[in-house]
Amino acid sequence: MPATLSQNGEVWFMHPVAMINYLSNNKVLFQKDDKDEIIREINIRLAGFGGNVPTDEFTERTENMIKQFQRDYMKVEETGVVDMQVIEAIDKFQEEYAISANVWSQLKCKCSPNKCSGFGNGLGKNTSPERSNTYEYPGIHRSLLFGLCGLSFYLGRQDVYKFRLISSGYRCSQHPEGKRTTNHRGKAIDIQFYKENWAIAGKNKENIEPLLYIRDNFFKTYLNSQDDWEDKNLFTTEPIGLDSEGNPISGFTYSWIHMDVRSFEKQYLLDEYFCTDATILNGEKLITLIKKEVK
């Protein structure tokens, strides 16, 4: 960016015309192979558009995610690069599909406020593998929650299947099922749905077909989720089904869809990626971060 330099070579004045040009809609701010902390935020906030990990690198996954966001939400040409139009659209998306206060209450551990803060007490040693990690992460993973925001957007494009509630969010070590399902210590949420006016609930064989449809046509199609934990750094859903007599199968869901970030590598499961409220989840607007960076 053009600037006036002092005698020692330091920038002391930034030309306002140059600033306007830098922040213009057609100026490429970030593209493939770039690296920046704002890119990390983009990777987190658009996790519902193809799935991604909280890296500061603009990878091929980032490029594909931007293209999906441009195509489906923005309705513009798929360039795969970030300009001011994309930045402004992400800020708009966050406001339009913000997680409600009611859902935040559903995300809290049922032990709160008597036995935990709602998001554990930081107990347990942070170990690997994640399947048996007993650590109480400090909140719900931000990428997971923005995945939920993306899911809400895609569900809103049709009128058959709708979000109903979060039946299980955080489960601390004091939760009745907390010792058995350590994924829910910040890495998982269980989501329930409506099919038209019918609540998909209970141990009902009729639940299975619509749940499989939702998994395959929303989670797998738009969030790039996998059915097991074989591949790293993807959203994962648990298997769905009941046995031939309509009884639960160990490790299977039957009236909800479980989604987690258990397959994320340890570098993407740092405490800083977990949140306990909307303020921490959303952070500052991207346009604000951009303007701070170019000052």
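Picking from residues in the stretch 143-162 that are more than 19 Å from LEU270 (Cβ to Cβ) and of a type in the set (Gly, Ala, Ser), the one that is nearest to the chain's Cα centre (by Cα) is GLY150.
Kindly indicate whether ARG142 is touching a strand residue (DSSP E or B) at 6+ places or on another chain (Cβ under 7 Å) and of a type outside the set (Asp, Glu).
For ARG142, the condition - touching a strand residue (DSSP E or B) at 6+ places or on another chain (Cβ under 7 Å) and of a type outside the set (Asp, Glu) - is met.
Quick check: is even one residue across the stretch 62-76 crowded, with 19+ Cβ neighbours inside 10 Å and at positive phi? No, every residue in the stretch 62-76 fails to be crowded, with 19+ Cβ neighbours inside 10 Å and at positive phi. Taken over the stretch 111-123, the criterion of being on the phi < 0 side of the Ramachandran plot and surrounded by fewer than 19 Cβ atoms within 10 Å (Cβ to Cβ) is satisfied by SER112, PRO113, ASN114, LYS115, SER117, ASN121, LEU123. For ILE42, the conditions (1) in a helix (DSSP H, G or I); (2) in contact (Cβ under 8 Å) with a residue 24 or more places away in the chain; (3) out of contact with any strand residue (DSSP E or B) (no Cβ under 7 Å at 6 or more places or on another chain) are fulfilled apart from (3).
Here's a check for you: in the stretch 77-110, which residue that is small (Gly, Ala, Ser) and assigned to a loop (DSSP other than H, G, I, E, B) is surrounded by the most Cβ atoms within 10 Å (Cβ to Cβ)? Within the stretch 77-110, the match that is surrounded by the most Cβ atoms within 10 Å (Cβ to Cβ) is GLY80. Can you find a residue in the stretch 19-29 that is under 27 Å from the mean Cα position of the chain (by Cα) and modelled with pLDDT of 95 or more? Within the stretch 19-29 (the criterion being under 27 Å from the mean Cα position of the chain (by Cα) and modelled with pLDDT of 95 or more), the answer is yes, since at least one residue qualifies.
Residues are listed down the side, and each one gets a yes or a no for (1) at pLDDT 95 or above; (2) more than 19 Å from the chain's Cα centre (by Cα):
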| site | (1), (2) |
| --- | --- |
| HIS141 | yes, no |
| ARG164 | yes, no |
| SER168 | yes, no |
| ASN183 | no, no |
| LEU211 | yes, yes |
| ASN217 | yes, no |
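The set of residues in the stretch 210-242 that are touching a Lys or Arg at 6+ places or on another chain (Cβ under 8 Å), of a type in the set (A, V, I, L, M, F, W, C) and more than 23 Å from ARG131 (Cβ to Cβ) contains only LEU242.
The values are calculated or read from the model by the stated rules, or taken from the named source; none is laboratory data. Remember, it's a predicted structure, so these values are computed and weren't measured experimentally. Neighbour counts are summed over all protein chains in view; Cβ atoms, including those assigned to glycine, are modelled from backbone coordinates with ideal geometry.
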